[in-house]
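Colleague: One structure is given below, represented as structure tokens, and several questions about it will come after.
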Amino acid sequence: MKTPGFFGLAFIFLTLLFTVTGQLLVKHGMRSMGPAPTELFKLPSYILQAMLSPFVAGSFVCAALAALCWMAAVSRCDLSFAYPFMGLAIVLTLALTPLFFGERVQLHQWTGVALVVAGVWLASRGE
């Protein structure tokens, strides 16, 4: 296994940071939009309006930055080491939604988060 080193871990962390930030931004932007229409002919204008939201546009920027950081991360460490950390995006997003959006996270969701964290720990232990 290729040792990730400081920069490998830093790029994994930055990927997570941009991924989670992007999720929070898109949720914030879409809250002001209301639910997506069920009528197919209304969908294109809804999508265009959503994409013009600064928060949704910011989420696309975060996605692009996350992709660039991910490229740097996997160039420095094994994918089998780096990829399990992407599960932490679920953990962080779930942990931050009550704070930012007042969403209630159920016990079974926290149980799932605990399983993800345990899985990341096991997968990242190495040989």
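Colleague: Relative contact order, percent, of the range 5-124 when contacts are C-alpha pairs under 8 Å separated by at least 6 residues?
Modeller: On the way: 106 pairs, mean separation 41.4, N = 120.
For the range 5-124, the relative contact order is 34 percent.
Colleague: Could you please state, rounded to a whole Å, how far the C-alpha centre of the range 75-127 is from the C-alpha centre of the range 6-69?
Modeller: So the two Cα centres are separated by 19 Å.
Colleague: Could you tell me which helices of the chain pass both thresholds, a Cα extent of 27 Å or more along their own axis and a mean Kyte-Doolittle hydropathy of at least 0.0, with helices taken as whole DSSP H runs? Display every interim value, and only then the final one.
Modeller: On the way: long enough: 5-31 (40 Å, 1.28); 54-76 (33 Å, 1.58).
Membrane-span-like by this criterion, though nothing is claimed about a membrane: 5-31, 54-76.
Colleague: Looking at the P(r) of the chain, how many percent of alpha-carbon pairs lie beyond 25 Å?
Modeller: Of all Cα-Cα pairs in the chain, 38 percent lie more than 25 Å apart.
Colleague: Follow-up. Compute and list, largest first, the equivalent-ellipsoid semi-axes of the range 24-72 from the alpha carbon gyration tensor, each √(5λ) rounded to a whole angstrom. Walk me through the numbers before you get to the answer.
Modeller: On the way: eigenvalues 125, 26, 13 Å².
Value: 25, 11, 8 Å, ordered largest first.
Colleague: Give the order of Trp121, Trp70, Trp110 when sorted by the count of other beta carbons within 10 angstrom, beginning with the fewest. Could you put the intermediate results ahead of the total?
Modeller: On the way: Trp121 10, Trp70 20, Trp110 13.
With the sparsest Cβ surroundings first, the list reads Trp121, Trp110, Trp70.
Colleague: Now for a separate question. Using +1 on the beta carbon of Lys and Arg, -1 on that of Asp and Glu, and nothing else charged, what's the dipole of the range 5-124 about the Cα centre, debye to 20?
Modeller: Working: 5 positive and 3 negative charges, 31 e Å.
Rounded to the nearest 20 debye, it is 140 debye.
Readers should treat all values here as calculations from the given coordinates under stated rules, not as data from a laboratory. Here the structure is a predicted model, which means the values were calculated and not measured. Note that we place each Cβ from the backbone using ideal geometry, even for glycine, and neighbour counts take in every protein chain shown.
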